[in-house]
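A short write-up of the structure that comes next.
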Amino acid sequence: SGSDRRLHVALLPSAGMGHLTPFLRLAASLLNHGCQVTLITTHPIVSKAETTLISTFLATFPQVKELQFHVQPLGPSDANSTDPFFLQWEAIRRSIHLLSPLLSSLSPPPSALVADVSLISAVIPITTSLKLPHYILFTSSARMFSLFAYYPTVLSASSDASSPSGDSIAVPGGIPIPKSSIPPLLLKPGSLFASIFTEDGKKLKSLDGILINTFESLEPETLNAFKGGKVVDGLPNVYPLGLVPCDFEKRAGNTPLKWLEDQPTRSVVYVSFGSRFAVSREQIKEIGKGLMSSGSPFIWVVKDKKVDKDDGDSLDKILGDELVEKIKNKGLVVKEWVDQEQILGHKAVGGFVSHCGWNSVVEAAWHGVPLLAWPQFGDQKVNAHVIESSGLGLWPKSWGWAGEVVVKGEEVGARIEELMGSESLKLQAAHIREEARKAVVDGSCKDAMKQLLEMWKN
Ligand code: BUP
């Protein structure tokens with residue numbers, strides 16, 4: 001029958017909202033194109049936010065087949081990391097043999113598997129033996145992908161096999177990446193992150209393609225470098241997809257819409273450091289002071305623990321009674337999951353103080369909201385470079401990585417004032433928004449999706 005011949009794609013995200021969210025947006029887009037989708041969910045799930053999003057997604061799209069993949073717990077010395085999300089990546093990698101029979105039981109067999117970047121070397125033997133094309137969805141910037149692809153070359157040319165020589169990494173055809181911006185864990189020999197990053201970076205040539213959630217208007221140079229095949233010889237095609245937020249996500253979050261309605265246009269600053277980072281209590285207090293002194297109304301998402309399940313302390317306890325009392329009439333401080341997409345899309349919101357998680361950057365671009373970049377760890381400084389070079393926002397570089405300095409409230413406030421007052425940032429953000437929409441509706445992102453579907457059909 002016709003429906004049996006529908007294109008079938010299997011998706012394998014890894015742990016963390018920053019990884020899950022773009023996979024579900026890809027799934028929604030594939031469904032829109034008439035594809036059949038199998039979503040592989042790994043259990044146990046690390047955070048409450050992931051559990052909620054998966055169940056609202058499956059309730060919204062009952063036609064999606066869920067394949068539950070139960071991973072075995074790690075032994076005490078199986079991984080050199082304390083981060084619950086990285087530990088789950090490793091648990092999935094080590095249990096991957098259990099996935100093979102699940103995948104081969106799918107009927108009709110899928111035309112492709114799109115898997116998370118953290119699982120590359122684990123998945124290769126499976127896709128090879130099942131003769132299943134293996135794609136990854138890279139959940140950070142194209143610029144970060146250029147570092148990932150080129151890093152093994154850099155290390156092999158360095159006298160110290162665990163650290164690049166020189167002050168910056170000159171990705172061919174791209175913009176050099178200062179050594180001070182690369183994820184600190186990469187320079188920590190033997191860390192789980194460093195070993196996955198360097199080992200899997202060598203295996204990209206075995207993949208069939210790389211999907212990246214980005215726009216030409218954000219990263220023109222880097223995407224061009226890939227197009228010209230300049231970064232690394234023999235790298236598979238890079239597909240820039242604009243994976244835009246979907247309606248099902250609204251059902252997974254709260255949004256203070258009523259409060260926003262009462263605020264003047266473009267007056268509100270939104271502050272969030274993503275789903276998996278706990279700002280220190282000392283820094284939280286300074287951010288509070290900064291918000292007070294900036295004079296802008298605000299929505300501030302406070303996270304006190306890496307994993308939401310552990311986040312038990314009340315706002316009074318985290319901020320202190322005095323700050324809570326002072327802040328009360330100036331803005332909203334929330335601890336629960338908000339629908340960031342709806343906040344960024346609201347006309348009252350005029351700026352975003354962000355840790356530069358890539359999904360947040362793409363969402364800000366999609367809505368034309370200028371950013372104050374405050375990278376904390378991991379890929380975030382590399383993403384902050386994209387914000388700076390595209391003109392989507394400001395980046396006070398002296399603020400450093402999390403834990404290096406406590407940025408004083410006065411300085412935070414001054415930078416927020418600069419963000420909210422800049423006409424040129426507003427214009428450039430609006431321009432990027434327009435370009436992003438063109439790319440998705442009838443430009444490079446739409447073409448990339450079309451090419452993928454064509455390939456999977458053949
Ligand atoms: Br917190 C929070 N509501 O309250 P990033 C986050 N989000 O919708 P991260 C909400 O989670 P990685 C909230 O819109 C984005 O889609 C947000 O992803 C949403 O950062 C996602 O921005 C967060 O990439 O993940 O969580 O640090 O480390 O993978 O970048």
Checked against (1) in contact with a helix residue (DSSP H, G or I) (Cβ under 8 Å, 6 or more places away or on another chain); (2) farther than 20 Å from Leu372 by Cα, Asp262 satisfies every condition except (1)
Residues in region 50-61: is at least one touching a residue at least 24 places away in the same chain (Cβ under 8 Å), surrounded by 13 or more Cβ atoms within 10 Å (Cβ to Cβ), under 14 Å from Lys309 (Cα atoms) and within 16 Å of the ligand (Cβ to nearest atom)?
yes
Qualifying position, being more than 30 Å from Ser217 (Cβ to Cβ) and among the aliphatic types (A, V, I, L, M), among Ile40, Ile120:
Ile40
All but one of (1) under 26 Å from Tyr239 (Cα atoms); (2) more than 26 Å from the chain's Cα centre (by Cα); (3) without any contact (Cβ under 8 Å) to a residue 40 or more places away in the chain hold for Pro109; which doesn't?
(3)
When (1) within 15 Å of the ligand (Cβ to nearest atom); (2) part of a helix (DSSP H, G or I) are applied to Ser195, the one that fails is (1)
Residues satisfying the stated conditions in region 138-150, i.e. within 12 Å of the ligand (Cβ to nearest atom) and either surrounded by fewer than 24 Cβ atoms within 10 Å (Cβ to Cβ) or among the hydroxyl-bearing types (Ser, Thr, Tyr) (or both)
Phe138, Thr139, Ser140, Ser141
Could you go through region 418-435 and let me know if any residue there is closer than 25 Å to Pro183 by Cβ and free of Cβ contacts under 8 Å to residues at least 60 places away in the same chain.
no
For region 389-409, pairs from a residue that is free of Cβ contacts under 8 Å to residues at least 24 places away in the same chain to a residue that is in a strand (DSSP E or B) and surrounded by 15 or more Cβ atoms within 10 Å (Cβ to Cβ), with Cβ under 6 Å and 6 or more apart or across chains, are Trp395/Ala373
Yes or no: Ser95 surrounded by fewer than 18 Cβ atoms within 10 Å (Cβ to Cβ) and touching a strand residue (DSSP E or B) at 6+ places or on another chain (Cβ under 8 Å)?
yes
Against the definition (modelled with pLDDT of 90 or more, over 21 Å from Ala402 (Cβ atoms) and within 11 Å of the ligand (Cβ to nearest atom)), how does Val301 come out, yes or no?
no
Checking Val362 against (1) touching a Lys or Arg at 6+ places or on another chain (Cβ under 7 Å); (2) modelled with pLDDT of 95 or more, only one condition comes out false. Which one?
(1)
Val244 is checked against (1) within 18 Å of the chain's Cα centre (by Cα); (2) within 30 Å of Ser296 (Cα to Cα); (3) at pLDDT below 95; (4) not in a loop (DSSP other than H, G, I, E, B) and fails just one. What number does that condition carry?
(4)
Filter region 314-351 for residues that are within 16 Å of the ligand (Cβ to nearest atom) and assigned to a loop (DSSP other than H, G, I, E, B); the one that is surrounded by the fewest Cβ atoms within 10 Å (Cβ to Cβ) is Glu336
Test set (1) over 27 Å from Trp399 (Cα atoms); (2) touching a residue at least 60 places away in the same chain (Cβ under 8 Å) - Thr139 fails condition number:
(1)
Wholly within region 352-436, which helices (runs of 4 or more DSSP H) include no fewer than the required count, namely at least 2 residues that are within 23 Å of Pro22 (Cβ to Cβ) and away from the ligand (no atom under 12 Å from the Cβ)?
380-390
Gly378 fails exactly one of the following numbered conditions: (1) under 30 Å from Ala194 (Cβ atoms); (2) out of contact with any Asp or Glu (no Cβ under 7 Å at 6 or more places or on another chain); (3) surrounded by fewer than 24 Cβ atoms within 10 Å (Cβ to Cβ). What is the number of that condition?
(3)
Candidates Ala27, Ala15 - the one that is within 12 Å of the ligand (Cβ to nearest atom) and touching a strand residue (DSSP E or B) at 6+ places or on another chain (Cβ under 8 Å):
Ala15
Of the criteria (1) closer than 16 Å to Asp116 by Cβ; (2) in a helix (DSSP H, G or I), which one Arg251 fails:
(1)
Tally the residues that are part of a loop (DSSP other than H, G, I, E, B) and either charged (D, E, K, R) or without any contact (Cβ under 8 Å) to a residue 60 or more places away in the chain (or both), restricting the search to region 214-236.
8
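Results for (1) within 14 Å of the ligand (Cβ to nearest atom); (2) surrounded by fewer than 21 Cβ atoms within 10 Å (Cβ to Cβ), shown as yes or no for each residue.
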site: Pro22; (1), (2): yes, no
site: Gln63; (1), (2): no, yes
site: Ser111; (1), (2): no, yes
site: Ala115; (1), (2): no, no
For region 160-174, enumerate the residues that are assigned to a loop (DSSP other than H, G, I, E, B) and farther than 21 Å from Trp399 by Cβ.
Asp160, Ala161, Ser162, Ser163, Pro164, Ser165, Gly166, Ala170, Val171, Pro172, Gly173, Gly174
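The values are calculated or read from the model by the stated rules, or taken from the named source; none is laboratory data. As the structure is a computational prediction, the values presented were derived from the model and not from experiment. Ideal geometry is used to build each Cβ from the backbone, glycine not excepted, and the neighbour counts take in all protein chains shown.
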